[in-house]
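Engineer: Starting off with a structure, shown below.
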């Protein structure tokens, strides 16, 4: 077993950063959220949902954020009746028609994170729908959870989900990645089945394990690797650092996201810590210069909190004056002698008071 | 590593028959043979058949491609069993050191409690292993050819000026000017460096003070001239302390890094005759980065640096027209090239050659997350 793990570590070290490169992943991110079927096109604002199925009369989306804005552009011969299914959606999501003469009827489903509507879209029109919890646009306190580095402990993840479900005030779970151990399609299928046991949505950026096979499996299963959204007056940015670097294209997006979040309470999430608090171990960005560049940008953008994964313990520290947490407690290869069991974080955020409180929840 | 194999194949494809006196038909004068025990001529060399180009190529390929499994395979193919055994021992020691260091990391899943003790051992093992692989390759390609020799003298003063290009997707800078000055008195060495990018104002200044415990020092009146000392040995052991100040103007941060470093070089003629003309370097140190973010008031960010270098090089030429070139791995993630991938540092090739007593050229190529190349002139006195 030890020999196997040794060989596994060597192979993982050798493949870190293999698979699809960060530039390719950023390019694919730009394609997320757009599709067409027959005489109907759809576009999801900011690519915050993956189009899983789009065929005449049926649209299935996997969401990367709790608020969605979807625009349907129909031609003269477009199908008018559509079944819209949203997966990984907040249970209290409601649909409102922003523009157009469409009608929508909610349909009850079994899973709390799966929402269903029957839409009737007029032909030759542009229809925009907004889907979000009723309080999504109202600035106010929220509680979220943070869970990363599940990897080979996926078979035990339901006890973490049960603890999260026990707290109905948690609105959604964020993750800094390494959900899977080797990024295979089978592992993602398994994880999506496991998510059936979680009562709130799970939004994640990728870790190095998640993209080690590559072939855009993440992209096909969970959507974007880097994205940004707002909820209840707080800004959330998730950036892909699976290759121990952030692609220059993502840095350009980050400029806009930092501008958007400058006057809000702002959480930044990426898989690798830019700087490892244990500099000798250096489980961090490949380049300290790039790490400093990122920290300088985050500090200049008034980011309030940054959370990373990759290192399988919990550490709280500061970078560039920003409160940072490393939380890799999902169960993958747990660090010994750190006095911690598997864990996740809860974050109580008050965007109005620009304040937050982070707690570690251990799963004994 | 494929390019090393390519170089070795090219070298072998132009294999010039070595004459009995050791001259290979090039302009380098034959090294003086001190006697049967001279490392530049192995016992029985005159009677042993020279390896054919095909055999050398096979030896070089074996040294590299399955080199992890067949330690010393290059020397073994050439019939140099003692050399193969020494390389196997070195490689085995490297592997054992690596495993000894890695096991606690593996068991603890990279616990903070073991990293400071174990990680340097892991990297040291990697260094010995890499050194043995390159020694096997060197012996396979160069043994029996006239070797270069260690520098004829250690200059008291060296002035360098370089053009530097850094290709880094993350930063706008690319062109730099570099000026470096080194002064030596006895075992002491003082060095200063200044890098500047006119385009974006990126500037790095560094000062370093070092003491050489072992090895050649600047010549004094008692030293024999180079012609009188053909068995020069470039081995040394040096401890240095330095301070780097690197300012990134557009990115609004400044990094100050005090560090210390112990570097040793061993001429590998000491290890085996087939390795005459080559050397290995191993160095380790520690640094602390202090980063000052312009948009942040208050204390600086601090972060430790594990410094480590391993290099394999060969001397070029002899006498005053001489130099050296080395292939190296540098573990530091904070330099221009950054780390290559994951926890790895960067790889590079560095060389220097003096055309005359005073003037020479210096070049460098590195690849990590970024690429850095330098080309410049050197004056020595």
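Where a number appears in this text, it was derived from the coordinates with a stated rule and is not lab data. Not measured: the values here are computed from a predicted model. Methodologically, a virtual Cβ is constructed for each residue, glycine included, from the backbone with ideal geometry; neighbour enumeration extends over all protein chains shown.
Engineer: Please give the FRET efficiency for residue A:156 paired with residue B:300, using the beta carbon to beta carbon distance and R0 = 41 Å, rounded to the nearest 0.05.
Structural biologist: On the way: r = 41 Å, r/R0 = 1.00.
Calculated value: 0.50.
Engineer: Would you tell me the mean number of C-beta atoms belonging to other protein chains that fall within 10 Å of each C-beta in B:283-290, as a whole number? Before the final figure, lay out each step's value.
Structural biologist: Numbers: counts 0, 0, 0, 2, 1, 1, 5, 0.
Mean shielding count: 1.
Engineer: On to the next question. Once you treat every alpha carbon in region A:121-199 as an equal point and sum by Debye, what is log10 I(q)/I(0) at q = 0.19 Å⁻¹?
Structural biologist: Calculated log10 I(q)/I(0) at the listed q: -0.88.
Engineer: Still on this structure, I have one more. Evaluate the distance, in nm, between pseudo-label points positioned 7 Å from the Cα of residue A:165 and of residue A:354 along their respective Cα→Cβ axes.
Structural biologist: 4.0
Engineer: Set the Förster distance to 45 Å, then compute FRET efficiency between residue A:58 and residue A:316 from the Cβ-Cβ distance, nearest 0.05.
Structural biologist: Numbers: r = 46 Å, r/R0 = 1.03.
Result of the calculation: an efficiency of 0.45.
Engineer: Still on this structure: Quote the relative contact order of region A:29-132 in percent (integer), defining contacts as alpha-carbon pairs under 8 Å separated by 6+ residues.
Structural biologist: Working: 276 pairs, mean separation 28.1, N = 104.
Computed value for region A:29-132: 27 percent relative contact order.
Engineer: While we're on this one: Just from the alpha-carbon atoms, what are the Rg and Dmax of region B:152-270 in angstroms?
Structural biologist: Cα-based Rg and Dmax for region B:152-270 come out at 18.0, 56 Å.
Engineer: Mind checking B:296-303 for the average number of partner chain beta-carbons within 10 Å of each residue's beta-carbon?
Structural biologist: On the way: counts 9, 1, 3, 2, 1, 10, 3, 12.
Per residue, the number of nearby Cβ atoms from other chains is 5 on average.
Engineer: Something else about it: When DSSP assigns beta bridges and you keep just the ones with both residues in region A:211-364, what percent turn out antiparallel, to the nearest 5?
Structural biologist: 60
Engineer: Based on the alpha carbons, how large is the Rg to Rh ratio for the protein assembly as shown when Rh follows Kirkwood?
Structural biologist: Working: Rg = 30.5 Å, Rh = 28.8 Å.
Rg/Rh: 1.06.
Engineer: Determine the shielding of peptide B:248-256 by partner chains: average, over its residues, the number of Cβ atoms on other chains within 10 angstrom of each Cβ.
Structural biologist: Across B:248-256, the average partner-chain Cβ count within 10 Å equals 4.
Engineer: So, one more: Multiply the residue separation of residue B:96 and residue B:179 by 0.36 nm, subtract the distance between their alpha-carbon atoms, and state the gained length in nm to one decimal.
Structural biologist: Working: separation 83, 0.36 × 83 = 29.88 nm, distance 4.19 nm.
Here the segment from residue B:96 to residue B:179 would lengthen by 25.7 nm.
Engineer: Mind grabbing the base-10 log of I(q)/I(0) for region A:29-132 at q = 0.18, 0.21 Å⁻¹? Debye formula, identical points on the C-alpha positions, no solvent, two decimal places.
Structural biologist: Each listed q corresponds, in turn, to -0.78, -1.08.
Engineer: Evaluate the distance, in nm, between pseudo-label points positioned 7 Å from the Cα of residue B:200 and of residue B:85 along their respective Cα→Cβ axes.
Structural biologist: 5.7
Engineer: Can you give the relative contact order of region A:276-364 as a percent, counting alpha carbon pairs under 8 Å and 6+ residues apart?
Structural biologist: Working: 121 pairs, mean separation 15.9, N = 89.
Result for region A:276-364 is 18 percent.
Engineer: What distance in nm separates the two pseudo spin-label positions at residue B:219 and residue B:233, each 7 Å out from Cα along the beta-carbon direction?
Structural biologist: The answer from the label model is 2.0 nm.
Engineer: Express as a percent, rounded to the nearest 5, the fraction of DSSP beta bridges in the protein assembly as shown (both residues included) that run antiparallel.
Structural biologist: Numbers: 187 of 213 bridges.
Given both bridge residues lie in the protein assembly as shown, the antiparallel proportion sits at roughly 90 percent.
Engineer: Working only with C-alpha atoms, what are the Rg and Dmax values of region A:53-92, expressed in angstrom?
Structural biologist: Cα radius of gyration and Dmax of region A:53-92 are 11.7, 34 Å respectively.
Engineer: For chain A, what is the per residue volume of the convex hull drawn over the alpha-carbon atoms, in cubic angstrom?
Structural biologist: Looking at chain A, the number lands at 129 Å³ per residue.
Engineer: Apply 1/(1 + (r/R0)^6) to the Cβ-Cβ distance of residue B:161 and residue A:337, taking R0 = 51 Å, and write down the FRET efficiency to the nearest 0.05.
Structural biologist: 0.50
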